[in-house]
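Novice: My questions all concern the structure below.
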Amino acid sequence: MRRPDTNPEFSSKSPDKTHHPKPQIPHGPKPFPSGVGGRRPWTPIPMDEATMAEFRQRGQVPEDVESSIMTVLSYIHFAIPDAPVSAHARLSALPPDDDVDRLSLLPDALLRRIVSRLPVKDAARTAALSSRWRDAWRSTPLVLVDADLLPAGVSDADTDAAREEARAVTFAVSRVIAAHPGPFRRLHLTSSFMDQYQGLLASWLQALAVKGIQELILVNRPFPADLTLPATFFGMATLTRLYLGLWKFPDTAALPRAACFPNLRDLGFSLIGITNQDMDFVLARSPVLETLCLQANTLQRVRVASRSLRCLMMMGFDQDVNVVNAPRLERLIMLYSCGSSMLLKIGRAPSLRAIGYLDLETHELEIGDTIIKAGTRASPSTMVPSVKILGIIVCFGVRNEAKMLPSFLRCFPNVETLHIESRKTDELTGKLNLKFWQDAGAIECIQSHITLMIFRRFQAARGEINFLKFFLESARMLKKLIIVSPKGTFASTDDANFRLKPLFDTKWASKCCSLVVLESDASGGESNWNFERGCDFSLMDPFAIIIRSSRLDISGSC
């Protein structure tokens, strides 16, 4: 017996369904970002009476449509990068003993750093302090978050007031862009009202191109939800980061061949109406692109051919993915699928180190020219030996899914960290005993390489227990097994010890393995993912994130 570890799409217009099919809302946790003045930043512009009447004529309930739009926006705000400054920040200091203005005595570089960390309203107000502060504001690369311009205390239920304040934010953004000489370090535009001001948006993008925009997060706050982006944003050659949400992508066929993003390293599309041809155009015109993040877009498939791409992350998707040629690709992250089947084909990706989560219910895997099926024999042509970190979703109560698990694992013989997420089902299709797993035969990565396994959404079901027994009997190099259960899985610590006792009754292959059992604070055991976390290369393992959990005292006895 081993001792447990004791160390702690909707639109107000009719979209062109042949050109841009409707994105699906992904499955996954429902995020709740904080708002300004207690308001939610994903609240859509309230409908006017004409728009509501239009939806009623179609047989739709306007309130239901608004609620659905809010859900869509919440997913976008959940995924996009956080705003770089906060209107809630407070700066305080002890009162001085004299009348000396010590702030104005600070070096210019430090003044600029202070201004760069202030919300834009406060940053602009510093210009009234003195000529030095005015020069500091004008010479500081601007950070603008338009949500900081929203007034507090206005109810979203007040349609006229909410629409008027959104227009006011739009004009305030125009004034700031016109007044500041640039460069613009980052613009986070998610609260403006663009329906009646599409020409204004085009002028913004032109000004940003001239003044040297570096990072742009641009989310449409409908209605309508199918506004077409002006093609002028292709002129922003200084862009290093671009995130777009809830727009219709412009047709790239008419763009000049020289159009490109020569400095773009980070690209994110959330619920964008875009064709495969336009997506291929963007990738081909982004020669230094390192991260590509896609969320519930209208692509029919994702084709990856990039010599610079290091991370591909997809959330809420059901498109086939074909990694054709990606010599620098290190991470392939797939989260919150829409429930439809899809094919993942891995061609040339010699640097691929982390992949997940492969869902055995909906994902079909093809390596080279071989589609992996239950019982597929392992061979060099069906393996990706570079992968060290692997995530898999499986239902241990569905026999056909469980039969695929050994075949998938054999495709990645050198995995060192395995993440398993157990999916619950009410329709069991077979009891999987220990012999079921033993009959599957030896699995190279389990026997010789895996040092850490994290098992999420563990329900202590018989199928899960039997798999863990097989795993512990086989994993000779295992150093730690972490089990994470949703809140309420165990009635008490005694119940947890009783239900986990079979794990301690089996003979563990590793002589130095420890067991950690955690209970998630969330009943669903959900994790808090966004694009930035998945693409953070300072994290060696993008999946090794366990939050809001408490440790259970497991002794192996009852």
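Novice: Give I217, I177 a once-over and let me know the one that is open to solvent by less than 50 Å² (accessible area, probe 1.4 Å), in contact with a His (Cβ under 7 Å, 6 or more places away or on another chain) and either at pLDDT 85 or above or not acidic (D, E) (or both). Steps first, please.
Specialist: Working: I177 fails: in contact with a His (Cβ under 7 Å, 6 or more places away or on another chain).
None of the others qualify; the one that does is I217.
Novice: Considering only segment 105-119, state which residues are open to solvent by less than 80 Å² (accessible area, probe 1.4 Å) and either among the aromatic types (F, W, Y) or in contact with a helix residue (DSSP H, G or I) (Cβ under 6 Å, 6 or more places away or on another chain) (or both).
Specialist: The answer is L111, V115, P119.
Novice: Considering (1) of a type in the set (A, V, I, L, M, F, W, C); (2) at pLDDT 90 or above; (3) within 17 Å of R301 (Cα to Cα), say which one I393 fails and leave the rest.
Specialist: (3)
Novice: Among the candidates P256, P230, which residue alone is over 24 Å from the mean Cα position of the chain (by Cα) and buried (at least 17 other Cβ atoms within 10 Å of the Cβ)? Steps first, please.
Specialist: Values: P256 fails: buried (at least 17 other Cβ atoms within 10 Å of the Cβ).
Residue meeting the stated conditions: P230.
Novice: Here is a further query. Does E473 count as open to solvent by 20 Å² or more (accessible area, probe 1.4 Å), in a helix (DSSP H, G or I), of a type outside the set (S, T, Y) and in contact with a helix residue (DSSP H, G or I) (Cβ under 9 Å, 6 or more places away or on another chain)? Break it down stepwise before answering.
Specialist: Numbers: open to solvent by 20 Å² or more (accessible area, probe 1.4 Å): yes; in a helix (DSSP H, G or I): yes; of a type outside the set (S, T, Y): yes; in contact with a helix residue (DSSP H, G or I) (Cβ under 9 Å, 6 or more places away or on another chain): yes.
Against the criterion (open to solvent by 20 Å² or more (accessible area, probe 1.4 Å), in a helix (DSSP H, G or I), of a type outside the set (S, T, Y) and in contact with a helix residue (DSSP H, G or I) (Cβ under 9 Å, 6 or more places away or on another chain)), E473 qualifies.
Novice: Tell me whether segment 340-355 contains one or more residues that are in contact with a Lys or Arg (Cβ under 8 Å, 6 or more places away or on another chain), in a strand (DSSP E or B), open to solvent by less than 10 Å² (accessible area, probe 1.4 Å) and modelled with pLDDT of 95 or more.
Specialist: There is at least one residue in segment 340-355 that is in contact with a Lys or Arg (Cβ under 8 Å, 6 or more places away or on another chain), in a strand (DSSP E or B), open to solvent by less than 10 Å² (accessible area, probe 1.4 Å) and modelled with pLDDT of 95 or more.
Novice: When segment 312-322 is examined, which residues are found to be surrounded by fewer than 23 Cβ atoms within 10 Å (Cβ to Cβ) and assigned to a strand (DSSP E or B)?
Specialist: Selection gives D320, V321, N322.
Novice: Considering only segment 263-307, give the strands (runs of 3 or more DSSP E) lying wholly within it that have at least 2 residues that are touching a strand residue (DSSP E or B) at 6+ places or on another chain (Cβ under 7 Å) and over 19 Å from R186 (Cβ atoms).
Specialist: On the way: elements: 266-270, 291-295, 301-305.
In segment 263-307, the matching strands (runs of 3 or more DSSP E) lie at 291-295, 301-305.
Novice: In addition: What residue, among those in segment 476-487 that are under 27 Å from the mean Cα position of the chain (by Cα) and part of a loop (DSSP other than H, G, I, E, B), is surrounded by the most Cβ atoms within 10 Å (Cβ to Cβ)? I'd like the intermediate steps shown before the answer.
Specialist: In the first step, residues of segment 476-487 are kept if they are under 27 Å from the mean Cα position of the chain (by Cα); the result is 481-487.
After this cut, where a residue has to be part of a loop (DSSP other than H, G, I, E, B) as well, the list is 486-487.
Numbers: P486: 20, K487: 15.
Restricting to residues being under 27 Å from the mean Cα position of the chain (by Cα) and part of a loop (DSSP other than H, G, I, E, B), the top hit is P486.
Novice: Then there is this: For P385, indicate whether it is surrounded by fewer than 17 Cβ atoms within 10 Å (Cβ to Cβ) and closer than 15 Å to L418 by Cα. Quick ask: steps written out before the conclusion?
Specialist: Details: surrounded by fewer than 17 Cβ atoms within 10 Å (Cβ to Cβ): yes; closer than 15 Å to L418 by Cα: yes.
Spelling it out, P385 is indeed surrounded by fewer than 17 Cβ atoms within 10 Å (Cβ to Cβ) and closer than 15 Å to L418 by Cα.
Novice: While we're here: Looking at segment 369-406, which of the residues that are within 28 Å of the chain's Cα centre (by Cα) and of a type in the set (G, A, S) is farthest from N466 (Cα to Cα)?
Specialist: So, considering only residues that are within 28 Å of the chain's Cα centre (by Cα) and of a type in the set (G, A, S), the one farthest from N466 (Cα to Cα) is S386.
Novice: Could you tell me which residue of segment 496-518 is modelled with the highest pLDDT, considering only residues that are closer than 20 Å to E416 by Cα and surrounded by fewer than 18 Cβ atoms within 10 Å (Cβ to Cβ)?
Specialist: Among them, the one singled out is A509.
Novice: What pairs come out if I take residues in segment 253-271 that are closer than 25 Å to E532 by Cβ and pair them with residues that are among the small types (G, A, S) and surrounded by 17 or more Cβ atoms within 10 Å (Cβ to Cβ) whose C-beta lies under 6 Å away, six or more apart or interchain?
Specialist: Every condition considered, the pairs that remain are F261/S286; L264/S286; S270/A79; S270/G245; L271/A296.
Novice: Only one of F223, F269, F261 is on the phi < 0 side of the Ramachandran plot and modelled with pLDDT under 90. Can you tell me which? Break it down stepwise before answering.
Specialist: Values: F269 fails: modelled with pLDDT under 90; F261 fails: modelled with pLDDT under 90.
From the options F223, F269, F261, the qualifying one is F223.
Novice: Does A491 fit the bill of being assigned to a loop (DSSP other than H, G, I, E, B), modelled with pLDDT of 90 or more and under 22 Å from L409 (Cα atoms)?
Specialist: Numbers: assigned to a loop (DSSP other than H, G, I, E, B): yes; modelled with pLDDT of 90 or more: yes; under 22 Å from L409 (Cα atoms): no.
No.
Novice: Okay, moving on. Check segment 441-455 and report whether any residue there is open to solvent by 30 Å² or more (accessible area, probe 1.4 Å) and under 28 Å from the mean Cα position of the chain (by Cα).
Specialist: Yes, the conditions are met somewhere in segment 441-455.
Novice: Give the number of residues within segment 436-470 that are assigned to a strand (DSSP E or B) and within 21 Å of G397 (Cβ to Cβ).
Specialist: Let us first name the residues in segment 436-470 that are assigned to a strand (DSSP E or B), namely 452-456.
Narrowing further to those that are within 21 Å of G397 (Cβ to Cβ): 453-456.
Summing the residues that are assigned to a strand (DSSP E or B) and within 21 Å of G397 (Cβ to Cβ) in segment 436-470 gives 4.
Novice: Within segment 116-142, can you find the residues that are under 30 Å from the mean Cα position of the chain (by Cα) and in a helix (DSSP H, G or I)?
Specialist: Across segment 116-142, the qualifying residues are S116, V120, K121.
Novice: State which residue is modelled with the lowest pLDDT when the search covers only segment 73-89 and only residues that are open to solvent by less than 20 Å² (accessible area, probe 1.4 Å), of a type in the set (A, V, I, L, M) and more than 12 Å from the chain's Cα centre (by Cα).
Specialist: Checking each candidate, the answer is V85.
Novice: I'd like the full set of residues that are within 26 Å of N497 (Cβ to Cβ) and out of contact with any Lys or Arg (no Cβ under 7 Å at 6 or more places or on another chain), limited to segment 447-456.
Specialist: I450, M453, I454, F455, R456
Novice: Another question about this same structure. Considering (1) open to solvent by 20 Å² or more (accessible area, probe 1.4 Å); (2) within 18 Å of M404 (Cα to Cα); (3) polar (S, T, N, Q), say which one T493 fails and leave the rest.
Specialist: (2)
The values are calculated or read from the model by the stated rules, or taken from the named source; none is laboratory data. What you are looking at is a predicted structure, and each value in this text was computed from that prediction instead of being measured. Please note: Cβ atoms are built from the backbone with ideal geometry, for glycine as well, and neighbour counts cover all protein chains shown. Note: areas computed on protein heavy atoms with side chains; ligands, DNA, RNA excluded. Shrake-Rupley method; radii C 1.70, N 1.55, O 1.52, S 1.80 Å.
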